[in-house]
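Visitor: Encoded as structure tokens, here's the structure I'll be asking about.
The values are calculated or read from the model by the stated rules, or taken from the named source; none is laboratory data. Only a predicted model underlies this, so the values are computations on that prediction, with no experimental measurement involved. As a convention, Cβ positions derive from the backbone with ideal geometry for all residues, glycine included, and neighbour counts pool all protein chains shown.
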């Protein structure tokens, strides 16, 4: 029969003409195995690197430098223990109380996956040490929170384009099923937005037909 039936543990079944799966490939493989085991096998071949994001909030008066900008990313040759730090309250409004600033510092990734396994306290101390050396921040943060993802960043390893071709070929045989997200054609927000627009266009055309 045409279409899809979605079953939920806390709701009634839902019948739909099409389904858009916007999860990471590693999370999409299991539910999609009920539709196409071959597709699930391809999705299982995607590799992910762990990452930890540390949010630190400071009183603005304790930051003795201009932070009117994006923040910074660090190249591998610098041999730092963080991947970079985003000055979130400078990029977006309403991310910190008046008179305070918020930094989001990234640790781990494919470069240093072992650092994503540190305890929360160890991670906070390491990030504070790095920001002290790089930005001269010695103040104790008013706020500190650690977010950990074991499978955070999809790795576009050799063979990625072949995997995409396999996925597209299998999806062509399952009308109404669409995949999007940062596992496929770009991990940055702008890439995800472009891909989502493309999928939305494809969904619209499918429903018109």
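Visitor: Of the residues 42, 53, only one is outside any loop (DSSP other than H, G, I, E, B), modelled with pLDDT of 95 or more, under 27 Å from residue 155 (Cβ atoms) and touching a strand residue (DSSP E or B) at 6+ places or on another chain (Cβ under 7 Å); which?
Guide: Residue meeting the stated conditions: 53.
Visitor: Then there's this: Scan segment 159-205 for residues that are in a loop (DSSP other than H, G, I, E, B) and touching a strand residue (DSSP E or B) at 6+ places or on another chain (Cβ under 7 Å) and report the count.
Guide: 5
Visitor: While we're on this one: Scan segment 80-100 and tell me whether some residue there is assigned by TED's automatic domain parsing to the domain that holds residue 150, touching a residue at least 60 places away in the same chain (Cβ under 8 Å) and under 17 Å from residue 152 (Cα atoms). Talk me through it step by step, then tell me what you get.
Guide: From segment 80-100, those assigned by TED's automatic domain parsing to the domain that holds residue 150 are 80-100; that's our starting set.
Those still in the list that are touching a residue at least 60 places away in the same chain (Cβ under 8 Å) too: none.
Within segment 80-100 (the criterion being assigned by TED's automatic domain parsing to the domain that holds residue 150, touching a residue at least 60 places away in the same chain (Cβ under 8 Å) and under 17 Å from residue 152 (Cα atoms)), the answer is no, since none of the residues qualifies.
Visitor: Among what's in segment 130-158 and is free of Cβ contacts under 8 Å to residues at least 12 places away in the same chain and part of a helix (DSSP H, G or I), pick the residue that is nearest to residue 64 (Cα to Cα).
Guide: The extreme case among them is 132.
Visitor: Of the residues 45, 60, 65, which is touching a residue at least 40 places away in the same chain (Cβ under 8 Å), loosely packed, with under 10 Cβ neighbours inside 10 Å and more than 21 Å from residue 116 (Cβ to Cβ)?
Guide: 65
Visitor: Can we say residue 25 is farther than 17 Å from residue 141 by Cβ and either assigned by TED's automatic domain parsing to the domain that holds residue 148 or modelled with pLDDT of 95 or more (or both)?
Guide: Yes; evaluated as a whole, the condition is true for this residue.
Visitor: Still on this structure, I have one more. Could you list all residues from segment 175-201 that are surrounded by 15 or more Cβ atoms within 10 Å (Cβ to Cβ) and farther than 28 Å from residue 51 by Cα?
Guide: Hits for segment 175-201 are 176, 177.
Visitor: Here's something else I'd like to know. Answer yes or no: is there a residue in segment 112-135 that is on the phi < 0 side of the Ramachandran plot, assigned by TED's automatic domain parsing to the domain that holds residue 63 and modelled with pLDDT under 95.
Guide: Narrowing segment 112-135 to residues on the phi < 0 side of the Ramachandran plot: 112-135.
Checking the rest, the ones that are also assigned by TED's automatic domain parsing to the domain that holds residue 63 come to 112-135.
Adding the requirement that they be modelled with pLDDT under 95 leaves 116-117.
Yes - at least one qualifying residue is present in segment 112-135.
Visitor: Quick check on my filter: what residues within segment 84-108 are in a loop (DSSP other than H, G, I, E, B), in contact with a helix residue (DSSP H, G or I) (Cβ under 8 Å, 6 or more places away or on another chain) and surrounded by 19 or more Cβ atoms within 10 Å (Cβ to Cβ)?
Guide: 96
Visitor: Which of the residues that make up segment 163-172 are over 16 Å from residue 205 (Cβ atoms), in contact (Cβ under 8 Å) with a residue 12 or more places away in the chain and more than 22 Å from the chain's Cα centre (by Cα)?
Guide: Result: 166, 170.
Visitor: Please verify whether residue 77 is modelled with pLDDT of 95 or more, farther than 29 Å from residue 27 by Cα and exposed (fewer than 15 other Cβ atoms within 10 Å of the Cβ), treating the condition exactly as stated.
Guide: Considered against the rule, which asks whether it is modelled with pLDDT of 95 or more, farther than 29 Å from residue 27 by Cα and exposed (fewer than 15 other Cβ atoms within 10 Å of the Cβ), residue 77 comes out as yes.
Visitor: Take residue 151 and decide whether it is out of contact with any strand residue (DSSP E or B) (no Cβ under 8 Å at 6 or more places or on another chain) and either within 27 Å of residue 33 (Cβ to Cβ) or in the same structural domain as residue 53 (by TED's automatic domain parsing) (or both).
Guide: Criteria not met by residue 151.
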